[in-house]
Structure formats: structure tokens, C-alpha cells
Amino acid sequence: MIVLRTIHALNRAIGKAVSFLIWAGIVVLCYEVVARYAFGQPTIWAHGYTQRIFGAYFVLVGAYTLIRQDHVRVDLLLNVASPRWRAVLDLVNFSFLLLWTGVLSWEAFWFFEDSWRFSEVDDSALRHPMWPVKLAMFAGVALIAVQSVVEWIRSVILIVNPYIDVGRDDGRGGVV
């Protein structure tokens, strides 16, 4: 259980830290708006950086969203089910999520590796390197995969004993 709690805590800390990327994106966008409309001096870099910031945010906050149980779920079956049945449904869901994140992690790693090896750049005037974006994609999907393993194991434990404390929290520090 200590390994599960450690992975959970790590993903929670990364998610909270990455959440601040929203503010960086807002600052860049506000700067662009003021530069463009107040001073008539639009930037050539703001659009590309905001895409990178919000893209990294979106993928890196995925495991934290999983911890908080904020992903879209169909609660129609879950709300009326017994705790053991909810654990079975979670096990099925996390099994599919593991399959998806496994394939996506594999592909994302090779996207990153190719981008790094060939010094891939975007098609903007500044020719930004693409590897940081692809590294963020790989890291974010890998974090979701690792958190999925944690949730899968917890689901198995809850199938055996649906009333045991598996250390699952709501992402805000409270135990569910």
C-alpha cells in the first residue's frame, strides 16, 4: 500500500504544480492582447507559446484529474450499484484505460524520440523545437498509466473487501 500511496501523492503533487501553467498561459495571452490592441505591436511568439503551455497543461494534469475523479463518467450504473459492483465496473474501466495509455505511451515515446533525434521544429517564424511538447505528451500519458495501475489494484482490493480503506482520496486531501 505504501507504493500505491507514494504514486498517488506524486501524481497529486505534479497535478497541483502543473495547474499553475494556466496562469502562465493567461499572462502570455493578456500580454498579447495588450501588445496588439493597446500598442499595435502584436507578437509572433505568443500564439505558439500559449498552444504549448495549454497543451502541456492538458496532458500533464490528466493523472491528477483521475485522482480527483473529475473525468467524465457515466454514473447511471455506478450510483445504484453496491460497493463491490462499483469496484468491478472500475476494474473494467481501468483495464481499458491501461490498454489505451499503454499504447499511447509507447507511441508518444517514439514521437518524442524522433523529434529529439531529428531536431524537429515547428513551422512558425521562430522555429521552436517540438520535442518539449512531445515529451510533455509522453510524461502526461505515462503518469495517467501509472495512476491507472494504482486505481486498478485498488479496484481489485475493493472487489475482495468493498469496505476496506484503500487510501483513495478525493484529490483535495479527503478520503473517499
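The values are calculated or read from the model by the stated rules, or taken from the named source; none is laboratory data. What you see is a predicted model; the values in this text were computed from it and never measured. Quick reminder, even Gly has a Cβ in these numbers, built from the backbone with ideal geometry, and neighbours come from all protein chains shown. Calculation scope for accessible area: heavy atoms of the full protein, side chains included, ligands and nucleic acids excluded. Shrake-Rupley method; radii C 1.70, N 1.55, O 1.52, S 1.80 Å.
Before moving on, here are some points about what is shown:
- From the options Thr50, Thr43, residue that is open to solvent by less than 50 Å² (accessible area, probe 1.4 Å), assigned to a helix (DSSP H, G or I) and either within 30 Å of Asn161 (Cβ to Cβ) or not charged (D, E, K, R) (or both): Thr50
- In the stretch 31-40, of all residues being among the aromatic types (Phe, Trp, Tyr) and surrounded by fewer than 12 Cβ atoms within 10 Å (Cβ to Cβ), the one that is nearest to Glu151 (Cα to Cα) corresponds to Tyr37.
- Residue that is out of contact with any Lys or Arg (no Cβ under 6 Å at 6 or more places or on another chain) and touching a residue at least 60 places away in the same chain (Cβ under 8 Å), where the choices are Ile7, Ile22, Ile67: Ile7
- If the condition is being open to solvent by 50 Å² or more (accessible area, probe 1.4 Å) and either at pLDDT below 80 or under 15 Å from the mean Cα position of the chain (by Cα) (or both), then the stretch 59-97 contributes Arg68, Gln69, Asp70, His71, Val72, Arg73, Val74, Asp75, Leu76, Leu77, Asn79, Val80.
- Every pair of residues 6+ apart whose Cβ atoms lie under 6 Å, when the first sits in the stretch 36-52 and is within 17 Å of Leu126 (Cα to Cα) and without any contact (Cβ under 8 Å) to a residue 40 or more places away in the chain while the second is of a type in the set (D, E, K, R) and open to solvent by less than 80 Å² (accessible area, probe 1.4 Å): Thr43/Glu32; Ala46/Glu32
- Qualifying residue in the stretch 98-118 (condition: out of contact with any His (no Cβ under 9 Å at 6 or more places or on another chain), closer than 16 Å to Arg154 by Cβ and either exposed (fewer than 14 other Cβ atoms within 10 Å of the Cβ) or modelled with pLDDT of 90 or more (or both)): yes
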